[in-house]
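For reference, the structure discussed in these notes is given below.
Laboratory data are not the source of any read-out in this text; all were calculated from the coordinates shown. Treat the numbers as computed from the prediction; the structure is a model and nothing was measured. Note: ideal-geometry Cβ built from the backbone for every residue, glycine included; neighbour counts use all protein chains shown.
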There are 2 protein chains.
Amino acid sequence: MSDGTRHANSRPQGSRIDPYFDQYAERARGMVASEIRALFAVTARPEIVSLAGGSPYVTALPLDVVGDMVGRLVADRGSVALQYCTAQGDSGLREKICEVMSLEGIRAHPDDVVVTVGSQQALDLITRIFVDPGEVVLAEAPSYVGALSSFAAYQADVVHVAMDDDGLIPEALEEAIARLTAAGRRIKFLYTVPNYQNPAGVTLAAERRPRILGICQAAGLLIIEDNPYGLLGFDGEPMRSLRADDPDGVVYLGTFSKTFAPGVRVGWASAPPAIRDKLVLAAESAVLCHSSFSQLAVGEYLATQPWQEQVKDFRELYRRRRDAMLEALAAELPDGCRWTTPAGGFYVWLQLPEGIDSKAMLPRAVSSRVAYVPGTGFYADGGGTDHLRLSYCFPLPERIREGVRRLASVIEAEIDLCATFGAMPPHGRVGPETPGPGDL
Amino acid sequence: MSDGTRHANSRPQGSRIDPYFDQYAERARGMVASEIRALFAVTARPEIVSLAGGSPYVTALPLDVVGDMVGRLVADRGSVALQYCTAQGDSGLREKICEVMSLEGIRAHPDDVVVTVGSQQALDLITRIFVDPGEVVLAEAPSYVGALSSFAAYQADVVHVAMDDDGLIPEALEEAIARLTAAGRRIKFLYTVPNYQNPAGVTLAAERRPRILGICQAAGLLIIEDNPYGLLGFDGEPMRSLRADDPDGVVYLGTFSKTFAPGVRVGWASAPPAIRDKLVLAAESAVLCHSSFSQLAVGEYLATQPWQEQVKDFRELYRRRRDAMLEALAAELPDGCRWTTPAGGFYVWLQLPEGIDSKAMLPRAVSSRVAYVPGTGFYADGGGTDHLRLSYCFPLPERIREGVRRLASVIEAEIDLCATFGAMPPHGRVGPETPGPGDL
């Protein structure tokens, strides 16, 4: 057995392409690269207007000032910034995070906060500690692709709950809970992006918030409130957080990816104490601890820079791009298209005329030098074939207009095709595709 | 159901301390804070000599130079350094990683490499993609506490394989594989730290390496080669990596935590293509992508700074501390103690005289102002009660000597107690404790 030679049949034999094919865990079988991923690789080419990616416009930051700040941080406090940290995260940063959350009505203590590698890691850890295979997670229809990917990784059964222009529909939530409970299913939490939702661009109306909280309280259902865009509203004050009114029943997820920079990967969860403890242990097991270098850089940025002024600048910048997109959509798109009107955040959710499949259309759109994300990525159940997500966060307004013009031509050609040959059968694959950073 | 009031019995009722107690996933039930964690919190106090933690001595880095470098990086390339990255990691950094691995005989392509949040994340992702609950992972006895924590998080059944002063014993590995296979158990991989092992401080002898590879090839068993300390050997050239001689059968894990700085949390896996693909998808689902800020900082450090000279300086610094510890152990410890002689890395593994329990002794050691890590943390099966780990990486040599003097007094007092009252019953808890950064 140990003669050191390799036996022809000694390696796992799964397949010629993947000799480990039959060795993976059950949970890994669903990990398959998106069929649209190869297409997205080309969208980085400058001739293509990408309305697909969710990259914030970090070039708007004062990079020389941030560079100076980070340089001094390492020179002066490098023995801390370059060392291990606790798994819960730097205490100075957690204090600052509480100040940030206070803008949305949350009264938190730094002990309530766990710093995570972006809010994506918070999603991963929450699912890890709560969900056994086959258990139910409730999520909006559509829902954030990265969250669906985390839920899939732990073999959750995602059940979508309908939204309208005022966000999650309370009656639909009640109905889903009643139906699943009657069927003996175990629901672990409701996952919601209440503000400027990704991908739908809609916001949970203020008057619905106490109703959603009440329904979940009555059902004993934990809420995961994911709020990356809350401070990027275009009108008035930030919406009041769900966690502000039910700290025992809501885990709040935040991030500096949109208010500062995604490249530092600093997000957080603010949670009830028992859940916080589990999250810290799970984080330790997953990554030992977050980067002190990133955490101290964010803490220093919040402490020494006019970060709220910078957020205002971001808001104005994104508002102008949203306006450019909405104007172009109204001017260019053919009849039969409908889209949402986001009051903040990065995204417009577009419904195509009947019979047009957004995924089947994508290769033709890319040929016409415009890219978007097909709607199916935002559903765990095969929904979304007639929808697509457009983002206005990264391209300049004139590029957004040009992109929408190109998209309009593609849709018109698709309508002609459809009129000539009939509707396409809906595209095959069901379930969320693992997102690339271009699909954020 | 949705009247908005809270019903007395509507929340999960698990316990008064944790209302979510009965809501967690099966895998989370084992996530319990280490009972020694509270004790470790006090070891940060300056009057205590901590021989417990595994923090590298980052103060030896030229912090002003690194600060300048990082500042310029953000000022000049901030639009990349502060933006999202691909889940596989920055391609420039992956090229540099291949150069680093070439020092240990590995011929790799940047496509083979996945950048991870420290090598801890690589451990988490490897276990995530391979291990279903109840499946076997083979690991050295003792083994790295962070790895045991990852294995436990996915409910692996860890089976330890004996080591001696030349590392993993080939015959013991063969025997374990044969025994488990005969019992119908599914073994997913062998996890090994071949160089200057944490916690044992021993190194897999060169002549054993082809035998270990041969045994695993014959059994079709994947090897996870975790090599954080490979470039920190005190004598001669780095050992040849296992992956250098079997790139299809070995996943190599590396990190910059010990050669540069743990605060950037940059590690990596170098893996066969099919496994690499799964790791990228798993990483995306876990954290979307690693920090560009950290990755570019490491890439810049490798490209512009004399990093190999710095590693030489680290080696000399750690060698002097190792010598201080070994001399003090020989001079101070009572008869009946045995310890390993590390040829690199950070750790000495100490066996106490018969009947002395290292965990029961710890509170008395802390009272005597010295700390260590009890041996049980490095076993999944309750082993290690008579062992402890001492690290020499962080304290200055005179502090190491003082710490060993204090430890010697504690052990002597323990021997007296034992002679008077008989041996203590072995300490209760079985299985690995989730590590704190102090237990690295």
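At-a-glance table
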{"quantity": "Gyration tensor (Cα) of segment A:301-420, equivalent ellipsoid semi-axes in angstrom", "calculated": "30, 16, 12"}
{"quantity": "Gain on full stretching of the segment that runs from A:Ala60 to A:Glu207 - 0.36 nm per residue minus C-alpha separation", "calculated": "49.4 nm"}
{"quantity": "Relative contact order [Cα under 8 Å, 6+ residues apart], chain B, whole percent", "calculated": "23"}
{"quantity": "Shape call, segment A:148-209: gyration tensor on alpha carbons, a/c limit 1.5", "calculated": "oblate"}
{"quantity": "In sequence order, calculated HN-Hα J values of segment A:315-328 (Karplus, 6.51, -1.76, 1.60; Hz; x Gly/Pro)", "calculated": "4, 5, 4, 6, 4, 5, 6, 4, 4, 4, 5, 5, 4, 5"}
{"quantity": "Amide hydrogen neighbours beyond the local backbone of A:Val49, cut-off 5 Å, H modeled", "calculated": "A:Val370, A:Ala371"}
{"quantity": "Cα centroid of segment B:63-110 to Cα centroid of segment B:246-274, whole Å", "calculated": "14"}
{"quantity": "Local electrostatic count at B:Cys289 - Lys and Arg +1, Asp and Glu -1, tallied over other residues with Cβ under 11 Å", "calculated": "-1"}
{"quantity": "Under 27 Å from A:Lys96, Cα to Cα: lysines that are on another chain or at least 8 residues apart", "calculated": "A:Lys258, A:Lys278, A:Lys312"}
{"quantity": "Phi-based couplings in Hz for segment A:70-84 (Karplus 6.51, -1.76, 1.60; Gly and Pro marked x)", "calculated": "5, x, 5, 4, 5, 5, 8, 10, x, 5, 9, 5, 9, 9, 4"}
{"quantity": "Tensor-based shape of segment A:164-242 (alpha-carbon gyration tensor, a/c under 1.5 rounded, otherwise prolate or oblate)", "calculated": "prolate"}
{"quantity": "Cα extents of the protein assembly as shown along the three principal axes, largest first (Å)", "calculated": "89, 61, 57"}
{"quantity": "Packing-based exposure ordering (other Cβ within 10 Å, fewest first) of B:Glu175, A:Glu140", "calculated": "B:Glu175, A:Glu140"}
{"quantity": "Relative counts (whole %) of C-alpha pair distances in segment B:263-302, using bins that are 10 Å wide", "calculated": "26, 48, 26, 0"}
{"quantity": "Cα-Cα separations in segment B:85-305 greater than 23 Å, expressed as whole percent", "calculated": "43"}
{"quantity": "Largest to smallest principal axis extent of the C-alpha atoms in chain A, angstrom", "calculated": "69, 67, 50"}
{"quantity": "Derived scalar couplings ³J(HN,Hα) [segment A:287-294; Karplus, 6.51 cos²θ - 1.76 cosθ + 1.60; whole Hz; x for Gly, Pro]", "calculated": "9, 6, 6, 6, 5, 4, 3, 5"}
{"quantity": "Cα-Cα separations in segment B:41-141 greater than 21 Å, expressed as whole percent", "calculated": "64"}
{"quantity": "Tensor-based shape of segment A:204-284 (alpha-carbon gyration tensor, a/c under 1.5 rounded, otherwise prolate or oblate)", "calculated": "oblate"}
{"quantity": "Sum of -39500 (n - 2.57) over DSSP H runs of 4+, divided by residues of the protein assembly as shown (222 nm, nearest 500)", "calculated": "-13000 deg cm²/dmol"}
{"quantity": "D_trans [Stokes-Einstein, Kirkwood Rh over alpha-carbon pairs] for segment B:104-155, 4 °C, 1.567 mPa s, µm² s⁻¹", "calculated": "103"}
